[in-house]
Amino acid sequence: GQYASQQPTRYANIFKKAAEHGFAPPAFDLALAEKHLTLPEEMDLVKRVIAFPALVEGAAKALEPHRIIFWVQETSAAFQSWYTKGNQDKSLRVVRPDDPETTKARLMLVGALKQVFANALGLLGVGAPEWMEGPKEEEQA
């Protein structure tokens, strides 16, 4: 899908923007995630990450690798929808210097998505570049 090829670069840009504001990739913290990842879009992305291992197992048993491709496309679109809401409402941005706890929770989610997305592409035999040539687009992170 259109967004799938942009995902690795988008994740890298989010972490770059976070670093510019003094945020390192956070360690996993379930309590922090439960407290700050409460939007329906965030919960959907969390569920997609959690469901990935079972999806891979089912795809392997059924010899249906296209299930992974569909997951990549659908999850990319869901991430893009969540991410771009920050353009209309700054409180929905991933990196919020005014709210370090929410920023850390959202960075945990982005980190999980980045890893699972790389795993999915690896299973499909596709690399996950963190940088792409092309026209600059405004990244809000």
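The values are calculated or read from the model by the stated rules, or taken from the named source; none is laboratory data. Keep in mind that this is a model prediction, so the values were computed, not measured. Neighbour counts run over all protein chains shown; Cβ positions are idealised from the backbone, glycine included. Side chains included, ligands, DNA and RNA excluded: accessible areas come from the protein's heavy atoms. Shrake-Rupley method; radii C 1.70, N 1.55, O 1.52, S 1.80 Å.
Here are the numbers for the structure shown:
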item: Residue-span extension gain [LEU32 to LYS17] - 0.36 nm each, minus C-alpha spacing; result: 3.3 nm
item: Neighbour net charge for THR75 - beta-carbon separation under 11 angstrom, K R +1, D E -1; result: 0
item: Sites HIS66 and SER5, calculated FRET efficiency, Cβ-Cβ separation with R0 22 Å, nearest 0.05; result: 0.80
item: Spin-label pair GLU41/VAL126, simplified geometry with 7 Å Cα→Cβ offset, distance in nm; result: 2.2
item: Residue-normalised accessible area of the stretch 1-115, expressed per residue, 1.4 Å probe, Å²; result: 53
item: Highest average packing first - 22-34, 79-91, 107-119, Cβ atoms within 10 Å; result: 107-119, 79-91, 22-34
item: Net lengthening on full extension, ASP98/LEU55 (0.36 nm per residue, minus Cα-Cα); result: 11.8 nm
item: Shape call, the stretch 1-61: gyration tensor on alpha carbons, a/c limit 1.5; result: oblate
item: Contour excess over end-to-end distance, with Cα ends at GLN73 and ALA24 and 0.36 nm allotted per residue; result: 14.8 nm
